[in-house]
Amino acid sequence: MASMRKIDAYMDRKNELITEYTSLEHTLSDEPDPSRLLNNFAILKRLDELRYEYYVAKSYRDNIKSGLESAVSSNSMLLSDIEVEIRKLEEVIGLDELVTVAPQLQIVRKGMAENAHEAGRLIYNYEVQNKEKWKLLDQRMYELRQS
């Protein structure tokens with residue numbers, strides 16, 4: 001089944017990104033002030049877990065736009081507010097410094113955002129193909145944790 005191959009590919013890529021992301025912690029351990037960087041990294045990791053869930057939900061919402069334009073447009077302001085808050089938190093955490101120390105972090109975070117968007121598309125497509133089943137393909141789609 002083609003959709004199962006897509007889901008498996010999505011999950012494999014997600015697991016690769018999680019492994020890559022968590023391995024960056026070792027890069028920060030070698031720095032002159034590792035405790036501060038590691039604390040900031042731990043906070044960023046939690047923010048990225050929430051950011052991942054947000055991107056999955058946003059991607060899902062973007063895929064169901066047709067027929068729901070009024071509901072979608074009323075939620076657009078809320079979604080843009082969430083993105084502004086994410087940017088503020090990244091600034092407070094010191095994302096720029098973390099990326100300077102571990103440049104791969106920026107690439108992995110971009111990959112995670114793309115992966116979350118793919119999850120939203122997969123969930124929507126699953127629901128379209130399986131109308132008799134209830135929503136939510138798999139809770140793991142929303143989580144940024146190793147499965």
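No value in this document is a laboratory result; all are computed from the given coordinates. All values reported here derive from a predicted model rather than from experimental measurement. Don't worry about glycine lacking a Cβ; one is built from the backbone with ideal geometry, like all the others, and counts go over all protein chains shown.
Testing the spin-label approximation: label points 7 Å from Cα along Cα→Cβ at ASP62 and THR19. State their distance in nm.
2.8 nm
Please go through the residue pairs LYS14/LYS88; LYS14/LYS65; LYS45/LYS131 and name each one whose alpha carbons sit more than 32 Å apart in this structure.
Those over the limit are LYS45/LYS131.
Based on the alpha-carbon gyration tensor of the stretch 1-66 and its eigenvalue square roots a ≥ b ≥ c, which shape applies: rounded if a/c is under 1.5, prolate if not and a/b is larger than b/c, or oblate?
Here the stretch 1-66 falls in the oblate category.
Once you put a point 7 Å from the Cα of ASP33 and another 7 Å from the Cα of VAL84, both along the Cβ direction, what distance in nm separates them?
With each label point 7 Å from Cα toward Cβ, the separation is 3.0 nm.
What net charge do the residues around LYS58 carry, taking every other residue with its C-beta under 14 Å from that of LYS58, with Lys and Arg at +1 and Asp and Glu at -1?
Around LYS58, the charge tally is -3.
Simple spin-label model, 7 Å along Cα-to-Cβ: SER3 to HIS26 in nm?
Spacing of the two 7 Å Cα→Cβ label points: 3.9 nm.
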